[in-house]
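In what follows, a single structure is set out as structure tokens and then discussed.
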Amino acid sequence: MSGKFLSSTPKELEESLSELNRKMEEQETQAKAGSLGLPYIDLHNFPVDLSVLGIFTQEEASTMGAVPFYKELSDLRIGTVEPKHPLLLEKIKELSGKNKISLYFISKHSLAQTLKFYSKVLRPKAAIDDTVRAKTGEDFLALLKDFQNEQVQKQANATRFLEIIFGAAMAYKASDIHMEPEDHFIKLRYRIDGVLQDFLHISKDLQRPITNRIKILAKLKSNVENIPQDGRITFYYADKPIDVRVSSLPSSYGEEIVMRLLGTGATNLKLADLGFSEQAREVIERQLQKPNGMIITTGPTGSGKTTTLYAFLNQLNQPGVKIITLEDPVEYQLQGIVQTPIDHNVDFDFAKGLRAILRQDPDIIMVGEIRDQETAETAMQAALTGHLVFSTLHTNDASGAVPRLLNMGIKPFVAAPALSCVLAQRLVRRLCPSCKAPAKLSPTVMEKIVSLLKNLPPSAGVALPKELQFYHSSGCAECNNLGYKGRVGIYEVLENTEAVQKLILAENSSMAEFKKTAVAQGMVTMVQDGLLKALAGLTDVEEVFRVAGGD
């Protein structure tokens with residue numbers, strides 16, 4: 001034997017040693033299979049059927065350490081290096097309805113060799129569809145309630161669970177789905193009309209299968225649990241694709257998953273649908289008719305700024321107009337508009353994107369958010385050079401937007417002529433019309449309301465009744481006992497008049513001075529607009545003060 005090795009070339013020697021190591025690994029694997037009580041198979045040079053291999057995606061097979069290698073009628077055989085992997089157990093449960101599953105223990109070498117065949121796999125139409133589809137014929141709200149039963153949870157697989165929670169999210173018109181692991185369960189919460197609502201406690205046993213399924217669908221790394229990750233899922237509701245932005249975050253009891261449903265809002269909204277007062281709408285209509293200038297919407301995350309900007313775009317979207325947007329991410333798909341997503345992976349941010357789209361000869365530009373001086377300066381210059389520009393900024397009210405821009409380094413002589421108007425907004429929950437009833441408020445609250453409404457500018461054109469009547473909803477079956485159904489915007493609009501331009505050019509003008517000037521020229525504040533909507537029975541006073549404060 002020593003003579004054989006001495007006469008071998010280096011390549012032959014390497015191959016002989018590799019084969020020897022492989023045989024030793026197979027012997028060890030066979031012994032371990034016996035201790036696990038599983039049959040053993042060596043898949044080296046095994047004639048794997050590619051259509052069978054395609055039952056698992058390559059990512060699933062690699063994550064689970066398992067490959068399907070044989071199928072005859074309902075007899076399906078799977079080789080694995082990790083027979084207790086939670087995702088594999090979930091997959092077996094999913095497939096066992098139509099198949100008799102046999103699990104075989106294989107070596108890591110067998111797994112690696114078989115995974116190489118995936119480069120040749122073309123998944124046939126008959127292969128398992130991993131897409132999550134929520135069918136409209138199902139009662140997802142009832143199915144979600146059934147999931148409160150632990151036995152029902154144990155019988156469902158992760159894919160079915162996702163169908164139910166996505167379907168229920170659409171039924172409730174939720175904007176976000178939160179899965180928050182705690183010590184003994186996972187809490188499922190929906191954000192409905194801007195407020196998080198608890199819905200379900202999920203068994204801790206399902207945490208890993210569900211998390212792994214979400215991560216695979218979102219193309220996140222399943223084996224990475226100690227760093228945040230972001231991805232995207234598309235599911236189908238009534239055969240319509242719904243994009244979902246997925247965020248995972250490490251926590252004390254496992255990964256927290258938050259999924260934001262994108263593009264579920266109305267994309268065909270017009271200005272008349274947003275709930276502007278007549279005075280505010282006139283200001284915005286006047287500014288939208290100009291060929292250039294900059295309109296900024298302000299407010300916290302989730303206050304409806306993007307929806308408002310899309311309403312502007314819908315109104316201006318005409319065949320002879322070129323509109324380009326720059327968004328992070330693109331939330332709604334609009335016909336006839338060029339929508340460009342930000343991509344931080346290739347260093348394509350708002351500033352670089354804005355410079356690029358200006359070379360595309362647009363008439364109207366929407367920049368998702370002004371985050372830095374460079375973006376603000378480029379947007380302002382675009383507004384001065386014949387473009388109508390829309391963007392958003394994070395400030396508490398309209399009066400704070402101009403000082404914020406000046407603090408970012410924008411020159412007053414640029415901001416003064418470039419800015420057309422600033423719109424601040426919040427979303428308040430609408431009272432459920434089915435259970436809405438008159439409410440009696442305390443004298444202290446009524447006194448506060450009267451002091452706020454007595455300063456309404458005459459230009460608002462509001463005649464207050466002698467007796468102020470407000471409303472409240474206690475909850476009913478129509479609103480799932482929440483008391484609210486849908487949301488409506490409350491707004492304030494600061495128009496860049498000659499008086500405001502003087503304050504901008506003065507450089508050191510305070511936020512209070514901007515607000516005083518805006519009110520003097522007829523601006524209705526957000527709180528006042530909210531109280532007028534409460535007086536009209538659209539919302540209640542508690543919502544207005546919760547969302548907009550009481551100043």
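Taking Lys and Arg as +1 and Asp and Glu as -1, the other residues whose beta-carbon sits under 11 Å from that of residue 543 total +3. Pairs from the list 440/485; 187/440; 173/515; 84/215; 240/322 with a Cα-Cα gap above 29 Å: 187/440; 173/515.
Within the accessible area of region 358-462, what % is carbon and sulfur when the probe is 1.4 Å and the other protein chains stay in place? Carbon and sulfur together cover 50 percent of it.
Relative to the longest principal axis of the Cα atoms of the chain, helix 86-95 runs at roughly 80 degrees.
Viscosity 1.002 mPa s, temperature 20 °C: give me the Stokes-Einstein translational D for region 420-551 in µm²/s, with Rh taken as the Kirkwood radius over C-alpha pairs. Using the Kirkwood radius from Cα pairs, D works out to 133 µm²/s. Residue separation of residue 338 and residue 520 scaled by 0.36 nm, minus their Cα-Cα distance, works out to 61.5 nm of gained length.
Taking 7 Å steps out from each Cα toward its Cβ at residue 513 and residue 71 produces label points 7.4 nm apart. Classify region 280-418 as rounded, prolate or oblate from the Cα gyration tensor: take a ≥ b ≥ c as the square roots of its eigenvalues, call it rounded if a/c is under 1.5, otherwise prolate when a/b beats b/c and oblate if not. Taking the square roots of the gyration eigenvalues as a ≥ b ≥ c, region 280-418 is rounded.
Overall shape of region 155-217 was characterised from the C-alpha gyration tensor. The equivalent ellipsoid obtained from it has semi-axes of 19, 14, 10 Å, in decreasing order. Here region 398-449 yields Rg over Rh of 1.30, to two decimals, using C-alpha coordinates and the Kirkwood radius. Accessible area per residue for region 133-244 is 48 Å², calculated with a 1.4 Å probe on protein heavy atoms, without ligands, DNA or RNA.
Averaged over its residues, region 400-467 has an accessible area of 53 Å² per residue, based on protein heavy atoms and a 1.4 Å probe.
Think of it this way: in the chain, 421 stand alone, with no other Cys Cβ under 4.7 Å. How many angstrom separate the Cα center of region 54-101 from the Cα center of region 417-488? After rounding, the separation between the Cα centres reads 57 Å. Each Lys or Arg adds one and each Asp or Glu takes one away; over the other residues whose Cβ falls under 11 Å from the Cβ of residue 369, this sums to -2. The value of relative contact order for the chain, using C-alpha pairs under 8 Å at least six residues apart, is 10 percent. Rolling a 1.4 Å probe over the protein heavy atoms gives region 38-87 an accessible area of 43 Å² per residue. Partner aspartates and glutamates whose Cα lies under 17 Å from the Cα of residue 108, excluding those fewer than 8 positions away in the same chain, are identified as 19, 25, 26, 28, 42, 59, 60, 82. Using a simple spin-label model with pseudo-atoms 7 Å out from Cα toward Cβ, residue 542 and residue 363 lie 4.8 nm apart.
Summing Lys and Arg as +1 and Asp and Glu as -1 over all other residues whose Cβ lies under 11 Å from the Cβ of residue 180 gives a net charge of -2. If you take the beta carbon distance between residue 18 and residue 50 as r and set R0 to 25 Å, what does 1/(1 + (r/R0)^6) give as a FRET efficiency, to the nearest 0.05? With R0 = 25 Å, the Cβ-Cβ based efficiency is 0.45. The orientation-averaged projected area of the convex hull spanned by the Cα atoms of the chain comes to 34.7 nm². Relative intensity of region 324-365 on a log10 scale, I(q)/I(0) at q = 0.16, 0.28 Å⁻¹, equals -0.39, -1.04, per a Debye sum over C-alpha point scatterers of equal strength in the absence of solvent.
Principal-axis analysis of the Cα atoms of the chain puts helix 526-535 at an angle of about 90° to the longest axis.
The convex hull defined by the C-alpha atoms of region 14-153 has an orientation-averaged projected area of 10.8 nm².
Annotation for residue 146 and residue 204: the two label points, set 7 Å from Cα along the Cα-Cβ direction, are 2.7 nm apart. Once the Cα atoms are used to define both axes, helix 511-520 deviates from the longest principal axis of the chain by about 50 degrees. In the distance distribution for region 91-233, Cα-Cα pairs more than 26 Å apart total 34 percent. Within a straight-line Cα-Cα reach of under 15 Å, residue 411 can be paired with the following aspartates and glutamates, leaving aside sequence neighbours fewer than 8 residues apart in one chain: 372, 374, 377, 507. Along its first, second and third principal axes, ordered by size, region 167-298 spans 58, 32, 28 Å in Cα coordinates. When the convex hull of its Cα atoms is viewed from all sides, region 340-488 shows a mean projected area of 14.2 nm².
The values are calculated or read from the model by the stated rules, or taken from the named source; none is laboratory data. None of the values given here were measured: they were computed from a predicted structure. Reconstructed Cβ throughout: ideal geometry from the backbone, glycine too, with neighbour counts over all protein chains shown. These area figures cover heavy atoms from the full protein model, side chains too; ligands, DNA and RNA do not enter into them. Shrake-Rupley method; radii C 1.70, N 1.55, O 1.52, S 1.80 Å.
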